[in-house]
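Written out below as structure tokens is the structure these notes cover.
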Amino acid sequence: MKNKVKILREARNMTQNELAEISGLSLRTIQRIEAGNILKGYTLKTIAQSLETAPENLLIGKNEKSEVERAKIINLSALTGLIIPFGSIIFPLILTYKTKDSKNRELGKQIITVQIFLSLMLSFLMILSPFVQSAFSIQFPLFLIPLIAILSVKSLIVFANGISLNRKQTLSIKLKHNFL
């Protein structure tokens, strides 16, 4: 979804510089608004006057769903962890911190937090498995069980969150506390 300010500005064949001059706001402020910052107070009224529209026309309605396309890509990038060690953290982290939209960035942080938790759990179980294997004299390579289990859980979480992002524009599986 394009920003409403950008749509109205482009409809009037105005550049960001021209809108900044007409409104008396800085170019950087116009850029921030078009990047997704929320309009309030004086800035909202000034932009609305400059674009010859009512202030409420610039606000995002409650019925409008914000775009979470970037969050979907971040979520899918977590699957790289099935091939590349810690890829489920590295690639989503890069994509999240290159994201300018605050909602997609927050969703990306939640995705990364879950992946970090699962990777730490997998690391702990992989370290513990040889000791359990020797203590109980198990001949089967015990490390395969937590490896397959955690990788399967990671995949299921990515798919569940992908479905939830498509339907509800939010994540279905996330931790209560985000440590990023």
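Subtracting the Cα-Cα distance of ASN57 and SER102 from their residue separation scaled by 0.36 nm leaves 14.1 nm. The order of LEU151, LEU128 by accessible area, most exposed first and with a 1.4 Å probe, is LEU128, LEU151.
Grab the other residues whose beta carbon is less than 14 angstrom from that of GLU18, score K and R as +1, D and E as -1, and report the net. Please list the in-between numbers first.
Working: positive: LYS6, ARG9, ARG12; negative: GLU10, GLU21, GLU34, GLU52.
Result for the local shell: -1.
Taking a ≥ b ≥ c as the square roots of the eigenvalues of the alpha carbon gyration tensor, the range 68-145 is prolate, as a/c is not under 1.5 and a/b beats b/c.
Taking GLU56, GLU106 and ordering them by how much accessible surface each has at a 1.4 Å probe, largest first, produces GLU56, GLU106. Accessible area of MET126 (1.4 Å probe, protein heavy atoms only, ligands and nucleic acids ignored): about 60 Å². For ILE94, the accessible area of its heavy atoms, probed at 1.4 Å with every protein chain present, is near 80 square angstrom.
Which sequence of PHE159, PHE91 reflects their accessible areas, 1.4 Å probe, from the largest down?
If we order PHE159, PHE91 from most to least accessible, we get PHE159, PHE91.
Per-atom-type breakdown for the range 123-166 gives carbon and sulfur 81% of the accessible area (1.4 Å probe, protein chains only). Compared with the direct C-alpha span, the chain from ARG28 to ALA160 gains 43.7 nm at full extension, assuming 0.36 nm per residue.
Accessible surface for VAL68 stands near 0 Å², nearest 10, in the context of the full protein assembly shown (1.4 Å probe).
Just the accessible area per residue of the chain, please: how many Å² with a 1.4 Å probe?
It amounts to 62 Å² per residue over the chain.
Positive-end ranking of ALA11, ILE38, LEU95 along the dipole of the range 1-123, with charges on Cβ about the Cα centre, is headed by LEU95. Mind sorting out which of [x] 19.2; [y] 22.8; [z] 18.4 is the real Kirkwood radius over Cα pairs in Å computed from the coordinates? Answer label, from the structure shown: [x]. For PHE117 and LYS6, what is the calculated FRET efficiency with R₀ set at 30 Å and r taken between the beta-carbons, to the nearest 0.05? The formula returns an efficiency of 0.20 here.
Scanning the chain for long hydrophobic helices, with DSSP H runs required to stretch 20 angstrom or more by C-alpha along their axis and to average at least 0.0 on the Kyte-Doolittle scale, returns 102-135, 144-168.
The values are calculated or read from the model by the stated rules, or taken from the named source; none is laboratory data. Fair warning: this is a prediction, and the values are worked out from it, not measured in the lab. Please note: Cβ atoms are built from the backbone with ideal geometry, for glycine as well, and neighbour counts cover all protein chains shown. For accessibility, only protein heavy atoms count, side chains too; no ligands or nucleic acids. Shrake-Rupley method; radii C 1.70, N 1.55, O 1.52, S 1.80 Å.
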